[in-house]
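A.B. asks: Sharing a structure below in structure tokens format, with a few things to ask.
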Amino acid sequence: MCDYVPRSAEEKYTFDTLWCILNPGGAPSVGGQLVVDFLKKSGVDSGILKQMWGFASPSPELNIAQFYVILRFISMAQNGVFPITAEKFVECLPEALP
């Protein structure tokens, strides 16, 4: 799933902007409480965020591609697309989500 690339120029711009806010130093990956607190700002339940992280990354850090996956999952949840599964992720790929 980590080969997800934002589907539109607007989505890519938004996701890249969020990555730069989260990672102003330009590190290849980010992790820890800083990322957890950042993702919690989405309003998505912490348990669901943990599940999303599990789909996106096997490690306690995220690279930009994995960050894109989590942001896409968050977009799905914010738009009422459930359940949060890898299959649902693939099913929703053609959809533009605000």
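A.B. asks: Relative to the compact globular guide of 2.2 N^0.38 Å, what is the alpha carbon radius of gyration of the chain, as a ratio?
C.D. replies: 0.98
A.B. asks: Now for a different question. What dipole magnitude, in Debye to the nearest 20, does the chain give about its Cα centre under +1 on Lys/Arg Cβ and -1 on Asp/Glu Cβ?
C.D. replies: Computed about the Cα centre, the dipole is about 160 debye.
A.B. asks: Taking Cα pairs under 8 Å and at least six residues apart, what relative contact order does the chain come out at, in percent?
C.D. replies: Computed over the chain, the figure is 34 percent.
A.B. asks: Heavy-atom accessible area of Ser8 with all protein chains present, probe 1.4 Å, nearest 10 Å²?
C.D. replies: The accessible area comes out at roughly 60 Å².
A.B. asks: Using a cut-off of under 13 Å, list every residue of segment 1-24 whose amide N is near the label point 7 Å from the Cα of Leu93 along the Cα-to-beta-carbon line.
C.D. replies: It comes to 1-7, nothing else.
The values are calculated or read from the model by the stated rules, or taken from the named source; none is laboratory data. No experiment lies behind these values; they were computed from the predicted model shown. Note that each Cβ is placed from the backbone with ideal geometry, even for glycine, and that neighbours are counted across all protein chains shown. Side chains are part of the model used for accessible areas, which takes the heavy atoms of the whole protein and leaves out ligands, DNA and RNA. Shrake-Rupley method; radii C 1.70, N 1.55, O 1.52, S 1.80 Å.
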